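Asker: Structure in structure tokens, see below.
The values are calculated or read from the model by the stated rules, or taken from the named source; none is laboratory data. Predicted model, so just to flag it, every value in this text is computed and none were measured. Ideal geometry is used to build each Cβ from the backbone, glycine not excepted, and the neighbour counts take in all protein chains shown. Protein only, heavy atoms only, side chains kept; ligands, DNA and RNA dropped before computing areas. Shrake-Rupley method; radii C 1.70, N 1.55, O 1.52, S 1.80 Å.
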Amino acid sequence: MTSEFRLYKKQRLCSPTAIEALFAPSQGSTGSALCYPLRAVWRENPGRRSDAPIAFVIMVPKRRLRHAVDRVLMRRRIREAFRLHHHECALPEGIRIDVAFVYVGNSPQDYGRVRHAMLRLLSDISSFCNQSQSTQ
């Protein structure tokens, strides 16, 4: 197994304050995108101690999927799509991004649809970061 396909603890966004800052009114470089069945909310976090370029959290609301097995299934599908494609997100050197992937579908979706949404969101994140880096 190559290391580019692994997910490490340093890539998980665990801090409640960092997660709250993602959804708070923005102070810095933030963005949001929707590609059904996922929504991504991200912000630049240069103060994060981890050296991982992307730290992420996955949210599957109980309001959307009432059964726990469905929520766990979608969380696993989203995590797998991120694990296989996060290295394709080309970020400028030294940029650290916090990302929340929020599930917005009303029923469990197949992996192909989740994978397509993840690829699109990761390309949106990388283009946003490259654009904001070039304007500075």
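Asker: Tell me, what ³J(HN,Hα) does each residue in the range 4-14 have, in order and in whole Hz, if you take phi through Karplus 6.51 cos²θ - 1.76 cosθ + 1.60 with θ = phi - 60° and put x for Gly and Pro?
Answerer: Calculated HN-Hα couplings, in order: 6, 9, 8, 10, 9, 4, 5, 8, 8, 9, 10 Hz.
Asker: Taking the range 7-48 as the region of interest, what is the percent of Cα-Cα pairs per 10 angstrom bin, listed from the shortest bin to the one with the maximum distance?
Answerer: The distribution over the range 7-48 is 23, 52, 24, 0, given as percents.
Asker: Counting each DSSP H run of 4 or more residues in the chain as -39500 (n - 2.57), what helix-only mean residue ellipticity at 222 nm follows after dividing by all residues, to the nearest 500 deg cm²/dmol?
Answerer: Theoretical 222 nm ellipticity from helices: -12500 deg cm²/dmol.
Asker: State the antiparallel share, in %, of DSSP beta bridges confined to the range 1-127, rounding to the nearest 5.
Answerer: Once the DSSP bridges in the range 1-127 are tallied, antiparallel ones form about 65 percent.
Asker: For Met59, list long-range residues whose amide hydrogen, built 1.01 Å from N in the peptide plane, is under 5 Å from its own amide hydrogen.
Answerer: Phe101, Val102, Tyr103
Asker: Compute the FRET efficiency between Arg79 and Thr135 as 1/(1 + (r/R0)^6), taking r as their Cβ-Cβ distance and R0 = 22 Å, and round to the nearest 0.05.
Answerer: Efficiency at R0 = 22 Å is approximately 0.10.
Asker: Under unit Cβ charges (Lys, Arg +1; Asp, Glu -1), what dipole magnitude, rounded to 20 debye, does the range 27-136 have relative to its Cα centre?
Answerer: 660 debye
Asker: What full-extension length gain, to one decimal in nm, is calculated for Cys14 and Glu93 as 0.36 nm per residue of separation minus the Cα-Cα distance?
Answerer: 26.1 nm
Asker: Quantify, in whole percent, the carbon and sulfur part of the accessible surface of the range 11-50 (1.4 Å probe; protein heavy atoms only).
Answerer: 53 percent
Asker: A further question follows. Specify whether the C-alpha gyration tensor of the range 1-74 places it in the rounded, prolate or oblate class, a ≥ b ≥ c being the square roots of the eigenvalues: rounded for a/c under 1.5, otherwise prolate if a/b is larger than b/c and oblate if not.
Answerer: oblate
Asker: Let me ask another. Would you calculate the convex hull of the Cα atoms in the range 54-114 and tell me its volume per residue in Å³?
Answerer: 80 Å³
Asker: What do you get when you divide the Cα radius of gyration of the range 13-136 by 2.2 N^0.38 Å, with N the number of residues?
Answerer: Scaled against compact globular proteins, the figure is 1.04.
Asker: What whole-number value in Å² describes the accessible area per residue of the range 47-113 for a 1.4 Å probe?
Answerer: 55 Å²
Asker: Then there's this: With +1 assigned to the C-beta of every Lys and Arg and -1 to the C-beta of every Asp and Glu, and no other charges, what is the dipole magnitude of the range 1-51 about the Cα centre in debye, to the nearest 20?
Answerer: Once rounded to the nearest 20, the dipole reads 180 debye.
Asker: Another question about this same structure. Just to be sure I understand the model, the point goes 7 Å from the Cα along the line to the Cβ. What's the resulting Arg66 to Ser127 distance in nm?
Answerer: Placing both labels 7 Å along Cα→Cβ, they lie 3.9 nm apart.
Asker: Next up: Give me the dipole magnitude in Debye, nearest 20, for the range 62-114 about the Cα centre, with unit charges on the beta carbon: positive for Lys and Arg, negative for Asp and Glu.
Answerer: 460 debye
Asker: From the backbone phi of the range 33-40, what are the Karplus-calculated ³J(HN,Hα) couplings (6.51 cos²θ - 1.76 cosθ + 1.60, θ = phi - 60°) in whole Hz, Gly and Pro given as x?
Answerer: Once θ is set to phi - 60°, the couplings for the range 33-40 become 8, 10, 9, 3, x, 10, 10, 10 Hz.
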